[in-house]
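*Asks:* I have a structure I would like to understand better, so I am pasting it below and will then ask my questions one at a time.
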Amino acid sequence: MGVTDNLTDPAVIARPYEYFGELRETEPVYRNEKWGGWIVTRYDDVRTCLQDDEHLSVQVEADRLRNSSLEIPEMKSMFPKWVFYLDPPDHTKLRTVIGEAFNPTMVKDQREKVERVTADLIDDIERRDPDEIELIEEFAYPLPVQIITRILGLPLDDEEKLGEWSSDIALTLFHHYNAENRHQRTEAGIREFADYVREVVVKREEEPQEDLITYLNEAEADGMTLSRDEVVATVVGLLFAGHETTTKLLANGTLELLRHPDQLELLREDPAVAPSAVEEILRYHGPSKSLTRGVKEDFEFHGKQIQAGERVLLSLAAANRDPRKFENPEEFDITRGTMEHVGFGHGTHHCLGAPLARLEARVAFPALVQAFPDMELATEEIEWTQSPLVRGPKELRLRV
């Protein structure tokens with residue numbers, strides 16, 4: 001492909017595994033002048049950086065935005081309160097609180113709910129008996145958003161506007177550089193989102209219910225509680241993160257199963273292979289393409305002088321196909337069974353919602369391939385999300 005410093009170049013967006021893979025084999029710690037930082041692509045190096053809290057920071061990234069000259073007060077107030085933009089010890093407090101809510105027992109208890117929502121969405125499609133569906137709109141988006149809204153205790157009728165606000169947030173959070181007025185649209189989306197959530201949080205303070213918002217209002221970690229602003233920010237963050245990447249996981253996975261009919265047939269014949277299939281989808285074509293870190297202090301990495309104030313882009317896509325770690329990494333094999341990929345990150349900021357996302361995908365894929373045995377791609381032409389950080393089709397049309 002050749003090396004370009006434009007991470008939203010159409011060729012890079014369309015073929016990221018080829019682009020980042022070439023860097024991995026030729027210049028695994030690469031200085032990208034246009035982006036203003038370094039790109040790290042090998043598996044061991046990405047893992048090392050993900051757990052290097054001494055030199056690398058997520059909070060520096062939030063500080064960069066907060067200290068910018070942009071007129072975005074809501075963003076500057078909200079982002080630094082999100083757990084994925086906090087370094088320890090602030091991160092530790094918030095992660096402890098949220099982690100208790102997403103412990104294995106809680107997630108296991110959600111299985112019946114996930115199965116019911118999955119079945120209802122498939123029933124809705126079958127009832128219409130269409131020749132063609134748009135998978136994201138009709139299945140991959142509503143499934144995780146309905147689950148997280150139920151867990152939080154929000155009305156399902158608000159699904160559409162929650163999706164619109166989340167899309168606005170993604171413009172900045174996922175670096176959609178080509179989107180027009182992206183900061184202003186994110187600012188407006190966060191303001192409306194926060195106003196909506198704040199109203200619900202206040203109601204739960206007055207009338208507690210058995211939902212996650214009530215839990216966050218009342219939660220304690222090491223004798224500390226969350227302020228109302230912290231609860232509001234956490235709920236907005238959970239709503240955004242609770243469906244955005246899972247939607248792309250479901251879409252990417254369906255696409256790869258259809259492109260590899262032998263693997264799809266394996267899953268259809270033996271739904272018990274679903275857990276392994278989900279891990280292979282996360283490795284081979286996961287929703288998180290890259291993660292960013294800010295540099296806190298100068299350090300040397302593989303002979304390169306990394307300086308404070310710079311940024312580091314950690315390519316999960318390249319790491320997950322590194323032949324130094326995975327045998328035949330370009331082969332899509334749902335029986336591979338490895339969980340050593342970095343599809344959910346690694347270290348301090350390993351994805352909190354990973355157990356829930358895994359559960360949703362383990363239920364969804366077998367149900368989908370069983371319900372629609374003749375499904376196929378309506379077109380091979382895929383328009384991809386214009387982001388260096390996430391990977392997913394903007395729509396996925398299927399003949400069913």
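The values are calculated or read from the model by the stated rules, or taken from the named source; none is laboratory data. Quantities reported herein were computed from a predicted structural model and do not represent experimental measurements. Using ideal geometry, Cβ is built from the backbone for each residue, glycine included, and neighbour counts are taken over all protein chains shown.
*Asks:* Take the conditions farther than 30 Å from Glu160 by Cα and either assigned to a helix (DSSP H, G or I) or among the charged types (D, E, K, R) (or both) and apply them to Arg191. Does it pass?
*Replies:* Details: farther than 30 Å from Glu160 by Cα: no; either assigned to a helix (DSSP H, G or I) or among the charged types (D, E, K, R) (or both): yes.
So Arg191 does not fit the description; no.
*Asks:* Tell me, please, whether a residue that is in contact (Cβ under 8 Å) with a residue 40 or more places away in the chain, among the charged types (D, E, K, R) and in a strand (DSSP E or B) can be found in region 122-134.
*Replies:* To start, the set of residues in region 122-134 that are in contact (Cβ under 8 Å) with a residue 40 or more places away in the chain comprises 122, 125-126, 130-134.
Narrowing further to those that are among the charged types (D, E, K, R): 126, 131-132, 134.
Checking which are in a strand (DSSP E or B) leaves us with 132, 134.
The answer is yes, given that some residue of region 122-134 is in contact (Cβ under 8 Å) with a residue 40 or more places away in the chain, among the charged types (D, E, K, R) and in a strand (DSSP E or B).
*Asks:* Another question, then. Within region 328-350, is even one residue surrounded by fewer than 18 Cβ atoms within 10 Å (Cβ to Cβ), without any contact (Cβ under 8 Å) to a residue 60 or more places away in the chain and on the phi > 0 side of the Ramachandran plot?
*Replies:* Yes: region 328-350 contains one or more residues that are surrounded by fewer than 18 Cβ atoms within 10 Å (Cβ to Cβ), without any contact (Cβ under 8 Å) to a residue 60 or more places away in the chain and on the phi > 0 side of the Ramachandran plot.
*Asks:* For region 1-28: of the residues being out of contact with any Pro (no Cβ under 7 Å at 6 or more places or on another chain) and of a type in the set (S, T, N, Q), which is surrounded by the fewest Cβ atoms within 10 Å (Cβ to Cβ)?
*Replies:* Of region 1-28, the ones out of contact with any Pro (no Cβ under 7 Å at 6 or more places or on another chain) are 1-6, 9-28.
From what is left, the residues that are of a type in the set (S, T, N, Q) are 4, 6, 26.
Numbers: Thr4: 13, Asn6: 14, Thr26: 10.
Once the filter is applied, the top-ranked residue is Thr26.
*Asks:* Also: Out of the residues in region 187-216 that are in contact (Cβ under 8 Å) with a residue 60 or more places away in the chain and among the charged types (D, E, K, R), which is farthest from Lys113 (Cα to Cα)?
*Replies:* Top of the filtered list is Glu187.
*Asks:* Next question, about the same structure. Could you please give the count of residues in region 138-162 that are assigned to a helix (DSSP H, G or I) and surrounded by 14 or more Cβ atoms within 10 Å (Cβ to Cβ)? Show your work before the answer.
*Replies:* So the first thing to find is which residues in region 138-162 are assigned to a helix (DSSP H, G or I), and the list is 138-140, 142-152, 156-162.
Now restrict to residues that are surrounded by 14 or more Cβ atoms within 10 Å (Cβ to Cβ): 138-140, 142-152, 158-159, 162.
Of the residues in region 138-162, 17 are assigned to a helix (DSSP H, G or I) and surrounded by 14 or more Cβ atoms within 10 Å (Cβ to Cβ).
*Asks:* Name the residue, out of Leu291, Leu258, that is surrounded by fewer than 24 Cβ atoms within 10 Å (Cβ to Cβ), closer than 23 Å to Gln370 by Cα and in contact with a strand residue (DSSP E or B) (Cβ under 9 Å, 6 or more places away or on another chain).
*Replies:* Values: Leu291 fails: closer than 23 Å to Gln370 by Cα.
Result of the check over Leu291, Leu258: Leu258.
*Asks:* Would you kindly identify the strands (runs of 3 or more DSSP E) lying entirely within region 243-324 that contain at least 2 residues that are under 22 Å from Arg15 (Cα atoms), polar (S, T, N, Q) and touching a residue at least 24 places away in the same chain (Cβ under 8 Å)? So that I can check it myself, show each step before the final result.
*Replies:* Values: elements: 290-295, 299-301, 304-306, 311-315.
Filter on region 243-324 gives 290-295.
*Asks:* Which one of these does Thr335 not meet: (1) among the hydroxyl-bearing types (Ser, Thr, Tyr); (2) modelled with pLDDT of 95 or more; (3) under 21 Å from the mean Cα position of the chain (by Cα)?
*Replies:* (3)
*Asks:* For the structure I just gave you, tell me whether Asp211 is farther than 27 Å from Leu70 by Cα and at pLDDT below 90.
*Replies:* Details: farther than 27 Å from Leu70 by Cα: yes; at pLDDT below 90: no.
Here the answer is no, as Asp211 does not meet what is asked.
*Asks:* Kindly provide the set of residues from region 353-381 that are outside any helix (DSSP H, G or I) and under 19 Å from Ser290 (Cβ atoms), ordered by number.
*Replies:* Taking region 353-381 first, the residues outside any helix (DSSP H, G or I) are 353, 372-381.
If the condition is that a residue be outside any helix (DSSP H, G or I) and under 19 Å from Ser290 (Cβ atoms), then Gly353 is the only one that fits.
*Asks:* Related question: All but one of (1) touching a strand residue (DSSP E or B) at 6+ places or on another chain (Cβ under 8 Å); (2) modelled with pLDDT of 95 or more hold for Thr379, so report the exception by its number.
*Replies:* The failed condition is (2).
*Asks:* How about region 216-255: which of its residues are crowded, with 21+ Cβ neighbours inside 10 Å and polar (S, T, N, Q)?
*Replies:* Restricting attention to region 216-255, the residues satisfying the condition of being crowded, with 21+ Cβ neighbours inside 10 Å are 216, 226, 231-254.
Once the filter is applied, which keeps residues that are crowded, with 21+ Cβ neighbours inside 10 Å and polar (S, T, N, Q), region 216-255 yields Thr234, Thr245, Thr246, Thr247, Asn252, Thr254.
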